Amino acid sequence: MQPDLLGLEISKGELRRLTGFDPEDVFRPSIMADREKRLGFLINEGLVALALTPIIVGGIYAFIILPIIGSSIKLGIILLILVPIAVIVGRSLWRRFTCPQGLTILLDEVDKYHSVINAIDINDQLATSGNAQSSINDRDKVIAALQLIREDLVRALKTERILRDNKKLLANNQELFVNNLANLQALQLSSQAGEYAQFLNQSLQIALDVQAEISKLQSPR
């Protein structure tokens, strides 16, 4: 990946700092709709459940079953079956009730944003190998558009967190509602039809979705 694309990515560490959540702990229906992401999510949940099961089962067996019922292999086996299921269900419910809907939408937009970056990276690799023609001018416009979207995404994530923590703080942070939509539309109009025009259109759609979510965050609750 070229350096200008690497600089556009929003890392998991930055997302954690901006939102106050680990991105992996935010429940998003879009993850379950994507086969590859769903598989990774389920494997991760299974590993967490397996890691917690011995601790939970050991505690229940030592402090509840042994003092009350006594040694019971049957109950131990039942616990080993039920506890992992309970952990997975419990974590799923916890995510649903603790993760704000606005945050899940914005994180989905971050995923779309990264998808555009990955698509440009693939196009760059094809151009380098001589399998595709590339317009440097149009590529520069897409990179400029992605830089503007990155700024909007960061502002939107900050806004969502401020609203979540203390809505009164908005009076001192009105600059968070500034957006780059007009600049993105200007870039799209100046772009010629070609391979990068699609990337600009995708970028503009992400910006529109982010702006719509910011408007929802601004509206009285």
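Quick notes on this one:
- Test result for Thr98, closer than 22 Å to Arg161 by Cα and of a type in the set (Ser, Thr, Tyr): yes
- Single residue of Ile105, Ile88 found to be touching a residue at least 12 places away in the same chain (Cβ under 8 Å) and under 15 Å from the mean Cα position of the chain (by Cα): Ile105
- Only one of Leu187, Leu146 that is more than 23 Å from Glu14 (Cα to Cα), crowded, with 16+ Cβ neighbours inside 10 Å and either more than 25 Å from the chain's Cα centre (by Cα) or at pLDDT 75 or above (or both): Leu187
- Residues in region 25-60 that are under 16 Å from Gly102 (Cα atoms) and surrounded by 12 or more Cβ atoms within 10 Å (Cβ to Cβ): Asp25, Val26, Phe27, Arg28, Ser30, Ile31.
- The residues of region 69-110 that are of a type in the set (Val, Ile, Thr) and open to solvent by 30 Å² or more (accessible area, probe 1.4 Å), listed by number, are Ile69, Ile73, Ile77, Ile78, Ile81, Ile85, Ile88, Val89, Thr98, Ile105.
- Taken over region 1-27, the residue count meeting the criterion of being outside any helix (DSSP H, G or I) and over 11 Å from the mean Cα position of the chain (by Cα) is 6.
- Yes/no for Asn172 being modelled with pLDDT of 80 or more and of a type outside the set (Phe, Trp, Tyr): no
- Any hit, region 28-41, residues being touching a residue at least 60 places away in the same chain (Cβ under 8 Å), in contact with a Ser or Thr (Cβ under 7 Å, 6 or more places away or on another chain) and outside any helix (DSSP H, G or I): yes
- Under the condition of being of a type in the set (Gly, Ala, Ser) and out of contact with any Asp or Glu (no Cβ under 9 Å at 6 or more places or on another chain), the residues counted in region 84-102 number 2.
- Extreme residue, farthest from Arg150 (Cα to Cα), among residues of region 117-127 that are open to solvent by less than 50 Å² (accessible area, probe 1.4 Å) and at pLDDT below 90: Ala127
The values are calculated or read from the model by the stated rules, or taken from the named source; none is laboratory data. As the structure is a computational prediction, the values presented were derived from the model and not from experiment. Cβ atoms come from the backbone with ideal geometry, glycine included; neighbour counts cover every protein chain shown. Calculation scope for accessible area: heavy atoms of the full protein, side chains included, ligands and nucleic acids excluded. Shrake-Rupley method; radii C 1.70, N 1.55, O 1.52, S 1.80 Å.
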